[in-house]
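The values are calculated or read from the model by the stated rules, or taken from the named source; none is laboratory data. Small disclaimer: the values here were computed from a predicted structure and weren't measured. Backbone-built Cβ (ideal geometry, glycine too); neighbour counts: all protein chains shown.
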Amino acid sequence: MFRLFRDSLGACLAPQGSVVCIGAFDGVHRGHRALLGRVRERADALDVQAIAVSFEPIPREFFARSTPLPRLDSARGKIEQIRECGIDDLLLMRFNAALAAMPAEEFVEQILINRLEAREVWVGSDFRFGHERRGDIDLLREMGEAHGFRAEVFAEFALAGSRVRSSEIRELLAAGEFAIAARLLGHPFRIGGHVVHGRQLGRKLGYPTANIRLGRRTSPINGIFAVRVHGVAAQALPAVASLGVRPTVDGVEPLLEAHLFNFDGDLYGRRINVEFVAKLRDEEKFSTLEAMVEQIDRDAAEARKVLAASQPDSPPDAGTHPVRIRSSGVLA
């Protein structure tokens, strides 16, 4: 049974011991999955719990507030994917000023020893932790000898000779290289969320959309895209989507809007996942709504062609019976 914990303090989560890995795990890409798989393997060998330690917000988000970090996935998505990797417990620590100021030695004693009873600790080659990032693999090994746990560096996971990194995947997505990014992620890039009410303008223009707010999350992409929408029907549905601030209609808040082709149903409150297949163009401001609709017509036609020529992903992660749609917005 998978368990999620948020607090660093409290009773020991693994009285019989654990094998632990630590990381930001943004996107839970193929390198992350290889590490999580090793932890599961070692935990089975030692007959102890497999535990992942991560942070929300991601430390880079916390320290770079003026330049928000584009996220590959939401906190919810990260939790779901770590659970899928067979991990028993996830300690998703609240990264705040207090945790940032915690000395590395205290982190080891309080988290790895007292909270997790670690037998083995696995980290990436560039892992740093504690106040001013003073903790590293050498400190882990030194303290491990004193407290009875092993510290190991997981061999870098590479494809075609290149290490799989979240930063590289963000760059690929920003460049519209969705197929290559999907190979590194191990799955297509998606943005999920609950469908919310829009301004109803899209319906009036003939393009009703299912809208997802990004909240505090910063997306690595923006523009107009050919997409597939999961969580509506048994199979993913083809669509054209806009992700941005909608300059033509004076939008401010970033919004993901997806117009599902040949579909009429009510999606308000439904959780959906939008899979990005190809970028069609950048977001732009039009002089009139008529000019914008003409461009949306062209975008929709292009999206249909792109999706017809590409192979859909494996079975969608959520499927329910089709229903009526009344969500609306506007592609801009």
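Return the residues of the range 184-204 that are buried (at least 16 other Cβ atoms within 10 Å of the Cβ) and over 13 Å from the mean Cα position of the chain (by Cα); say none if nothing qualifies.
The first filter runs over the range 184-204 and keeps only residues buried (at least 16 other Cβ atoms within 10 Å of the Cβ), leaving 184-193, 195, 198, 201-203.
If the condition is that a residue be buried (at least 16 other Cβ atoms within 10 Å of the Cβ) and over 13 Å from the mean Cα position of the chain (by Cα), then LEU184, VAL195, GLY198, LEU201, GLY202, ARG203 are the ones that fit.
Determine whether GLU61 is part of a helix (DSSP H, G or I) and under 24 Å from the mean Cα position of the chain (by Cα). Give the derivation first.
Numbers: part of a helix (DSSP H, G or I): yes; under 24 Å from the mean Cα position of the chain (by Cα): yes.
So GLU61 passes the test.
Please go through the range 154-171 and give me each residue that is at pLDDT 95 or above and of a type in the set (A, V, I, L, M, F, W, C), ordered by number.
So the first thing to find is which residues in the range 154-171 are at pLDDT 95 or above, and the list is 169-171.
ILE169 - this is the single residue of the range 154-171 that is at pLDDT 95 or above and of a type in the set (A, V, I, L, M, F, W, C).
Since ARG165 meets every condition but one in (1) surrounded by 15 or more Cβ atoms within 10 Å (Cβ to Cβ); (2) touching a Phe, Trp or Tyr at 6+ places or on another chain (Cβ under 9 Å); (3) among the charged types (D, E, K, R), which condition does it not meet?
Of everything listed in (1) surrounded by 15 or more Cβ atoms within 10 Å (Cβ to Cβ); (2) touching a Phe, Trp or Tyr at 6+ places or on another chain (Cβ under 9 Å); (3) among the charged types (D, E, K, R), ARG165 misses just condition (2).
Would you be able to tell me the number of residues in the range 168-196 that are closer than 20 Å to ARG216 by Cβ and either among the hydroxyl-bearing types (Ser, Thr, Tyr) or in a loop (DSSP other than H, G, I, E, B) (or both)?
So the answer is 2.
Take GLY135 and decide whether it is under 28 Å from ASN96 (Cβ atoms), at pLDDT below 95 and small (Gly, Ala, Ser).
Here the answer is yes, as GLY135 does meet what is asked.
Here is a yes/no grid of residues against (1) under 21 Å from ARG128 (Cα atoms); (2) touching a helix residue (DSSP H, G or I) at 6+ places or on another chain (Cβ under 7 Å):
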position	(1), (2)
ARG60	yes, no
ARG65	yes, no
LEU69	yes, yes
SER74	no, no
GLY77	no, no
GLU84	no, no
ASP88	no, no
MET93	yes, yes
ALA98	yes, no
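Surrounded by fewer than 16 Cβ atoms within 10 Å (Cβ to Cβ) and at pLDDT 95 or above - does that describe any residue in the range 13-25? If you could, list the steps in order and put the result at the bottom.
Narrowing the range 13-25 to residues surrounded by fewer than 16 Cβ atoms within 10 Å (Cβ to Cβ): 15-16.
Those still in the list that are at pLDDT 95 or above too: 15-16.
Taking every residue of the range 13-25 in turn, at least one turns out to be surrounded by fewer than 16 Cβ atoms within 10 Å (Cβ to Cβ) and at pLDDT 95 or above.
Take the range 39-52 and flag every residue that is over 17 Å from ARG83 (Cβ atoms) and buried (at least 18 other Cβ atoms within 10 Å of the Cβ).
ARG42, VAL48
Quick check on this structure: which one of LEU90, LEU69 is in contact with a strand residue (DSSP E or B) (Cβ under 8 Å, 6 or more places away or on another chain), within 18 Å of SER219 (Cα to Cα) and buried (at least 17 other Cβ atoms within 10 Å of the Cβ)? Before the answer, list the steps.
Values: LEU90 fails: within 18 Å of SER219 (Cα to Cα).
So the residue among LEU90, LEU69 that is in contact with a strand residue (DSSP E or B) (Cβ under 8 Å, 6 or more places away or on another chain), within 18 Å of SER219 (Cα to Cα) and buried (at least 17 other Cβ atoms within 10 Å of the Cβ) is LEU69.
Mind listing just one residue for me: the one in the range 205-235 that is surrounded by 24 or more Cβ atoms within 10 Å (Cβ to Cβ) and of a type in the set (Gly, Ala, Ser) and, of those, farthest from ALA300 (Cα to Cα)?
If we take residues in the range 205-235 being surrounded by 24 or more Cβ atoms within 10 Å (Cβ to Cβ) and of a type in the set (Gly, Ala, Ser), then ALA210 is farthest from ALA300 (Cα to Cα).
Taking the residues in the range 128-157 that are among the aliphatic types (A, V, I, L, M) and part of a helix (DSSP H, G or I) as candidates, determine which candidate is surrounded by the most Cβ atoms within 10 Å (Cβ to Cβ). Break it down stepwise before answering.
Step one: of the range 128-157, the residues among the aliphatic types (A, V, I, L, M) are 137, 139-140, 143, 146, 151, 153, 155.
This time we only want the ones that are part of a helix (DSSP H, G or I), so: 137, 139-140, 143, 146.
Details: ILE137: 18, LEU139: 18, LEU140: 26, MET143: 21, ALA146: 9.
So the residue we want is LEU140.
Can you name every residue in the range 176-197 that is among the hydrophobic types (A, V, I, L, M, F, W, C) and either in contact with a Phe, Trp or Tyr (Cβ under 7 Å, 6 or more places away or on another chain) or within 10 Å of ARG30 (Cα to Cα) (or both)?
Start the filter on the range 176-197 by keeping residues that are among the hydrophobic types (A, V, I, L, M, F, W, C), which leaves 178-182, 184-185, 189, 191, 195-196.
Answer for the range 176-197, where residues must be among the hydrophobic types (A, V, I, L, M, F, W, C) and either in contact with a Phe, Trp or Tyr (Cβ under 7 Å, 6 or more places away or on another chain) or within 10 Å of ARG30 (Cα to Cα) (or both): PHE178, ALA181, ALA182, LEU184, LEU185, PHE189, VAL195.
Which helices (runs of 4 or more DSSP H) does the range 74-127 wholly contain that include 1 or more residues that are acidic (Asp, Glu), under 24 Å from GLY17 (Cα atoms) and assigned by TED's automatic domain parsing to the domain that holds GLU142?
Details: elements: 75-84, 97-100, 104-107.
By residue number, 75-84, 104-107.
So, of the residues in the range 211-269 that are among the polar types (S, T, N, Q), assigned to a loop (DSSP other than H, G, I, E, B) and at pLDDT 90 or above, which turns out to be farthest from SER287 (Cα to Cα)? Give the steps one after another, and end with the answer.
Start the filter on the range 211-269 by keeping residues that are among the polar types (S, T, N, Q), which leaves 211, 218-219, 222, 235, 242, 248, 262.
Retained after the next criterion (residues that are assigned to a loop (DSSP other than H, G, I, E, B)): 219, 222, 235, 262.
Remaining after also requiring at pLDDT 90 or above: 219, 222, 235.
On the way: SER219: 26, ASN222: 20, GLN235: 38 Å.
For the range 211-269, the residue satisfying everything is GLN235.
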